[in-house]
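Before any comments, here is the structure.
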Amino acid sequence: MTMPRSRLVDLTVTRYYHCISRCVRRAFLCGEGFEHRKAWIEQRLEHLARQFAIAVGGYAVMDNHLHLLLRVDPDVAPQWSEEEVVRRWLAVYPPPRLKLDDPAQVQVWIEQQLADPPKVQRWRKRLTELGWFMKALKEPLARMANKEEGCKGTFWEGRFKSIAVLDEEALLATCAYIDLNPVAAGLAATPEQSPYTSLRQRLKHARRQGQLGALSAAAKGSVAGSRALGALEESHWLCPLEDRRRQGGVREGMFESCSLGSYLLLVDYSSRIWREGKARVAPAVAGIFERLGTSPEYWDARLRQLLKRERLLGNHFAASRQRLQALAQQKGVHHLDNTIRLSTVG
């Protein structure tokens, strides 16, 4: 039975959700001559990440489906003024008859909306909700695709899947799984060559800022290189991988001790496991496993389970059996379905 979204998204449990949306009939509506639509999705995703109180931690745009790792930041929206809420909503849903290039007309429209505080509060709430984020992402792209083909009808499946990511190892595995999707699908030889992924986007940003040297240094354990990448990620629209707020950073990242350089090594290691069946565990990768309290064997088994599946099952993902059991008890149920079988990996 389909579970209401209000029961699937519980911010007291986790703020991280792996969201998956598929094209109707699994048709290759973003492939087979329509690859440019992937760029549409990527551009729209960046636009929405700048407007919603929702951070994008990872994504992969495939030929017939889309993966997103989203973090809901409910404490951000209350800090916006009412006018900022209206301007953000206007950026997401501009009225068709409003001339956006006319500042005077736009200001009149904003003042009209500010005269209705309940409406502004509804918009503030919607700018923190996964459902509205996905709606704002998918609907315009469906209209653009239909216009391109001169047709009508549904582009996306009506309901997107959301998987609550419950612990740090599961979060890191979800990031890697999303970035490895094109490699697993045979669309790219290596993760860094995979187009329309968050990893490729992060590398492009590092290249534009002339920080590929810092990336290489950070991957070898350089503190200075890691610090440079931390500053680099502060200026990018994607959620920073490393949380450097204790070191003076402003934006909240996803991991306290995993820089972009270390993450690149981890994904490269994981892709070699998938492609070649074995890989050398670099010191930086071993350090990540040690901090997480896991091992290469457990990590390999979890990634293999994720990547070999055509569809991810369950609405929760935890690497810790105890975390899953505690949540089941909290919810008053016997058990919760996990996206992987913990019994096979410890």
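Which of the following residues is assigned by TED's automatic domain parsing to the domain that holds Lys204, hydroxyl-bearing (Ser, Thr, Tyr), in contact (Cβ under 8 Å) with a residue 40 or more places away in the chain and on the phi < 0 side of the Ramachandran plot: Ser262, Ser257? None of the other options fit; the residue is Ser262. Cβ-Cβ distances below 8 Å connect the following pairs, each with a first residue in the stretch 233-247 that is on the phi < 0 side of the Ramachandran plot, a second residue that is among the aromatic types (Phe, Trp, Tyr), and a separation of six or more residues or different chains: Leu241/Phe255; Leu241/Tyr263; Glu242/Phe255; Asp243/Phe255.
All conditions but one from (1) touching a helix residue (DSSP H, G or I) at 6+ places or on another chain (Cβ under 8 Å); (2) within 30 Å of Tyr269 (Cβ to Cβ); (3) charged (D, E, K, R) apply to Lys161; the one that does not is (1). In summary, Ala319 fulfils each of the numbered conditions (1) free of Cβ contacts under 8 Å to residues at least 60 places away in the same chain; (2) within 22 Å of the chain's Cα centre (by Cα) with the single exception of condition (1). Where residues in the stretch 265-289 are free of Cβ contacts under 8 Å to residues at least 12 places away in the same chain and at negative phi, which of them is surrounded by the most Cβ atoms within 10 Å (Cβ to Cβ)? Looking at residues that are free of Cβ contacts under 8 Å to residues at least 12 places away in the same chain and at negative phi, I get Phe289.
In the stretch 1-37, which residue that is more than 23 Å from Gly314 (Cα to Cα) and touching a strand residue (DSSP E or B) at 6+ places or on another chain (Cβ under 8 Å) is modelled with the highest pLDDT?
Filtering the stretch 1-37 for residues that are more than 23 Å from Gly314 (Cα to Cα) and touching a strand residue (DSSP E or B) at 6+ places or on another chain (Cβ under 8 Å), the one modelled with the highest pLDDT comes out as Cys30.
Among the residues of the stretch 58-96, those that are assigned to a loop (DSSP other than H, G, I, E, B) and surrounded by 18 or more Cβ atoms within 10 Å (Cβ to Cβ) comprise Met62, Asp63. Report whether or not Gln112 is touching a Leu at 6+ places or on another chain (Cβ under 9 Å), surrounded by fewer than 17 Cβ atoms within 10 Å (Cβ to Cβ), in a helix (DSSP H, G or I) and not assigned by TED's automatic domain parsing to the domain that holds Leu69. No.
Against the numbered list (1) crowded, with 18+ Cβ neighbours inside 10 Å; (2) in a helix (DSSP H, G or I); (3) free of Cβ contacts under 8 Å to residues at least 60 places away in the same chain, Glu297 comes up short only at (1). Residue count for the stretch 251-269, restricted to those that are part of a helix (DSSP H, G or I) and among the small types (Gly, Ala, Ser): 2. Scanning the stretch 243-264 for residues that are closer than 12 Å to Leu232 by Cβ and of a type in the set (Lys, Arg), we see that the one that is nearest to the chain's Cα centre (by Cα) is Arg251.
The values are calculated or read from the model by the stated rules, or taken from the named source; none is laboratory data. All of these numbers come straight from a predicted model, not from anything done at the bench. Positions of Cβ are backbone-derived with ideal geometry, glycine not excepted, and every protein chain shown enters the neighbour counts.
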